[in-house]
C-alpha cells in the first residue's frame with residue numbers, strides 16, 4: 001500500500017512595500033508649491049467676482065484696439081518712438097556687454113581666487129536685483145526725462161545679467177586647453193586669451209543678442225515713467241482713451257519684436273552651432289505647394305502693409321524733386 005504525500009500549496013511571493021521616504025518627499029514638494037500659491041492668492045485680495053469678470057473686461061479693451069489707426073499722423077507719432085526704443089535697447093546692450101565682459105572673468109570661480117569671484121558675484125547680484133524701472137526712476141532726477149535715462153537704466157541692469165550668464169559660461173569650459181597653455185609656460189593673461197576666450201565667445205555673443213531682444217521689450221516699458229521709447233506714446237494714447245492709436249502702437253511694437261527675435265534667433269543658432277542654416281530661398285523651394293502659396297500671400301500682404309506705412313509716413317520722396 002503506497003501513501004501519497006501532499007505537497008503544501010505554493011505561496012505567492014509578497015509584493016515588497018513601497019518605501020516611505022520617496023512618498024514623503026513628493027508630498028513635501030507638493031505642499032511646498034501649493035501652500036505658497038494659496039498664501040499668495042489670498043494675499044492679493046482678489047475676489048471671485050474680479051476673476052470671473054476679468055476675461056470680459058480684457059476682451060472689451062482688446063476689441064477697442066482693433067482696427068488700429070493707420071493714418072499718417074498716428075504712424076508719424078509711433079514709428080519714431082519705436083526707432084527710439086531700438087536705439088535705447090542697442091546702446092544699453094552695448095554698455096552691458098562692454099562692462100560685463102571683464103567682470104565675468106573676475107566672477108568665474110575657475111579663473112580667479114575665491115575671495116575675488118565671490119565679491120564680484122555679489123556686486124553683479126546687487127546690480128541685477130534692481131529692475132530697470134526702478135533704476136530709471138532713480139536716474140530721472142539726475143539725467144532728466146528722455147532716452148538717455150532709459151539707455152543708462154537698461155545698460156546698468158544688463159551688466160548684472162550678462163555678467164552672471166557669462167561667468168557661468170566661463171565656469172563650464174573644457175580645462176584641457178587651459179592646462180595645455182599653462183604647461184607651455186603661458187601666463188594668466190595668455191591662458192585667458194588663447195584657451196578661454198575662444199571657447200566662450202560664441203555663447204557670450206549669443207547671450208548679448210538675446211539680451212538685446214529683452215532690452216527692446218524693457219525699453220517699451222520704460223516709456224511709462226518718461227524714460228523714452230514707444231511706451232511713452234502708448235501711455236499717452238491710453239490716457240486720452242485713443243484706443244485705435246494705442247492699437248497702432250501695440251501693432252508696431254509686436255511686429256518689430258517678432259522681426260528682431262527672428263533675425264537674432266537665426267544669428268544665435270549660427271554662432272553657437274557654427275553651421276550655416278538653410279537660406280530663405282532654399283527653404284521656400286523645399287516647401288509644399290500649399291505652404292508656398294500661403295507664404296506668398298503672407299509676404300504680399302506684408303509688403304503691401306510696409307508700402308502703405310511708408311506712403312503714410314511720406315518717406316518715398318519724389319525722385320525729380
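The values are calculated or read from the model by the stated rules, or taken from the named source; none is laboratory data. All values derive from a computational prediction rather than experimental measurement. Reconstructed Cβ throughout: ideal geometry from the backbone, glycine too, with neighbour counts over all protein chains shown.
Worth a mention:
- Yes/no for residue 89 being surrounded by 19 or more Cβ atoms within 10 Å (Cβ to Cβ), assigned to a helix (DSSP H, G or I) and at pLDDT 90 or above: yes
- Only one of the numbered conditions (1) surrounded by fewer than 18 Cβ atoms within 10 Å (Cβ to Cβ); (2) touching a helix residue (DSSP H, G or I) at 6+ places or on another chain (Cβ under 9 Å) is violated by residue 17, and that is (2).
- The residue that is surrounded by the fewest Cβ atoms within 10 Å (Cβ to Cβ), counting only those in the stretch 45-86 that are assigned by TED's automatic domain parsing to the domain that holds residue 252 and more than 18 Å from residue 254 (Cβ to Cβ), is 73.
- For the stretch 184-276, no helices (runs of 4 or more DSSP H) sit wholly inside it while including 3 or more residues that are free of Cβ contacts under 8 Å to residues at least 60 places away in the same chain, at positive phi and surrounded by 22 or more Cβ atoms within 10 Å (Cβ to Cβ).
- Test result for residue 86, over 27 Å from residue 233 (Cβ atoms), in contact (Cβ under 8 Å) with a residue 12 or more places away in the chain and out of contact with any strand residue (DSSP E or B) (no Cβ under 9 Å at 6 or more places or on another chain): no
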